[in-house]
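What follows draws every value from the coordinates through simple rules; no lab data is involved. Note that the structure is a prediction, hence the values are computed from the model and not measured. Glycine gets a Cβ as well: all are built from the backbone with ideal geometry, and neighbour counts include every protein chain shown.
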Amino acid sequence: MDGDNQTITTEFLLLGLSEESDQEEVVFGMFLGMYMATISGNLLIILAISCDPRLHTPMYFFLANLSTVDICFSSVTIPKALVNHMVGSKSISYTECMVQMYFMLAFGNMDSFLLSVMAYDRYVAICHPLHYTMMMRPRLCVLLVVISWVITNLNALLHTLLIVRLTFCSHNAVHQFFCDPYPILKLSCSDTFINDVTAFTEGAVVFLVPFVCVVISYVYIFSNVLKKPSAHGIRKAISTCGSHLTVVCLFYGAILGVYMHPSSSYSLQDAVASVLFTVVTPMANPFLYSLRNRDMKAALRKIILRS
């Protein structure tokens with residue numbers, strides 16, 4: 001090993017999306033505004049669902065869980081980036097980086113699983129409306145969420161432990177605003193073959209199974225609607241699924257673009273694209289699910305009038 005690689009890394013430098021000072025100010029303002037919108041919007045969704053008995057249904061139970069996960073997902077990455085900018089530092093300790101990576105993977109995958117469960121819920125509501133109450137029992141809803149939490153945390157633990165076993169030498173600059181596994185792997189002076197194989201096998205299964213469930217659910221939904229085409233049926237399908245489908249396209253589109261290639265080919269463009277699913281999607285969820293939902297708008301109006 002040469003002299004340049006003999007110092008073991010104890011911290012990483014998160015370079016962010018730009019190294020230009022003017023652009024960093026713009027990114028800071030954008031992240032701060034979007035984070036505040038994410039927290040306030042998702043908290044309002046949770047509060048509205050908790051306070052309105054009409055919203056105590058499986059669809060809103062899953063939505064409340066999605067809002068909770070989105071708050072956690074954003075809080076794992078954005079506050080550290082904001083604090084680093086304010087104190088004029090880009091560093092994050094090795095331990096803090098591994099912890100951030102674990103929770104980023106857990107909450108990110110949990111978003112994916114919840115979107116697939118919500119797609120299944122919409123499939124049952126549209127294709128089997130008479131059996132909806134029986135098929136989407138409260139116990140089943142809770143079980144689906146618990147199983148999702150178990151799988152996503154085990155997946156996050158596996159990938160974090162595989163990275164912890166690697167050796168990181170003197171190169172510690174990460175072209176990202178959080179500890180993203182792919183750019184971290186590029187810095188390792190150990191062999192990352194096992195990490196890459198695991199990401200493309202186990203990681204791909206954990207990601208693609210929910211994605212395939214979403215696709216299958218919507219194939220059945222649209223085929224059911226098109227069997228008996230009517231203006232009312234099409235409007236109902238669009239109003240019921242439009243918001244969810246928009247979020248699915250944003251979330252999965254960004255992840256497929258960023259992670260469906262080897263870690264060695266990770267670039268700054270991938271870092272910019274990752275903003276879509278780490279920052280934009282959690283912020284957009286409350287607006288997409290509330291603005292086109294009459295029940296949600298009525299519940300939010302009640303809360304505002306009470307206050």
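Structure summary
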| read-out | value |
| --- | --- |
| Charge dipole (the chain, unit charges on Cβ, about Cα centre) - positive-most of 252, 217, 103 | 217 |
| Inter-label distance for residue 150 and residue 260, nm, one decimal - labels placed 7 Å from Cα along Cα-to-Cβ | 3.0 nm |
| The chain: relative contact order as a whole-number percent, Cα under 8 Å and 6+ apart | 30 percent |
| Taking the stretch 159-225 and dividing mean pair separation by its residue count, relative contact order in percent (alpha carbons under 8 Å, at least six apart) | 32 percent |
| Per-residue [θ]222 nm for the chain (sum of -39500 (n - 2.57) over DSSP H runs n ≥ 4, rounded to 500) | -25000 deg cm²/dmol |
| Taking the stretch 1-86 and dividing mean pair separation by its residue count, relative contact order in percent (alpha carbons under 8 Å, at least six apart) | 32 percent |
| About the Cα centre, charge dipole magnitude for the stretch 111-192 (Lys/Arg +1, Asp/Glu -1 at Cβ), debye | 220 debye |
| Computed label-point distance, nm, for sites residue 305 and residue 197 using a 7 Å Cα→Cβ extension | 6.3 nm |
| Contour excess over end-to-end distance, with Cα ends at residue 166 and residue 134 and 0.36 nm allotted per residue | 6.6 nm |
| Highest-MSF residue in the chain out of 176, 100, 269 [GNM, Cα springs under 10 Å] | 269 |
| Net charge of Cβ neighbours under 11 Å - reference residue 11; Lys, Arg +1; Asp, Glu -1 | 0 |
| Cysteines in the chain that, by Cβ-Cβ distance, have no pairing candidate under 4.7 Å | 51, 72, 127, 141, 213, 241, 249 |
| Lysines whose Cα lies under 19 Å from that of residue 80, excluding same-chain neighbours fewer than 8 positions away | 90 |
| Calculated FRET value between residue 205 and residue 13, using beta carbons and R₀ = 41 Å, to 0.05 | 0.80 |
| Helix 204-227 axis, angle to the chain major axis (alpha carbon atoms, nearest 10°) | 20 degrees |
| Full-extension gain in nm, residue 95 to residue 227, via 0.36 nm per residue minus C-alpha separation | 42.0 nm |
| Spacing of the two label points (7 Å from each Cα toward its C-beta) at residue 280 and residue 24, in nm | 2.5 nm |
| Length added when fully stretched, residue 56-residue 87, from 0.36 nm per residue minus Cα-Cα | 6.8 nm |
| Listed residues 104, 283, 30, most fluctuating in the chain (Gaussian network, C-alpha, under 10 Å) | 30 |
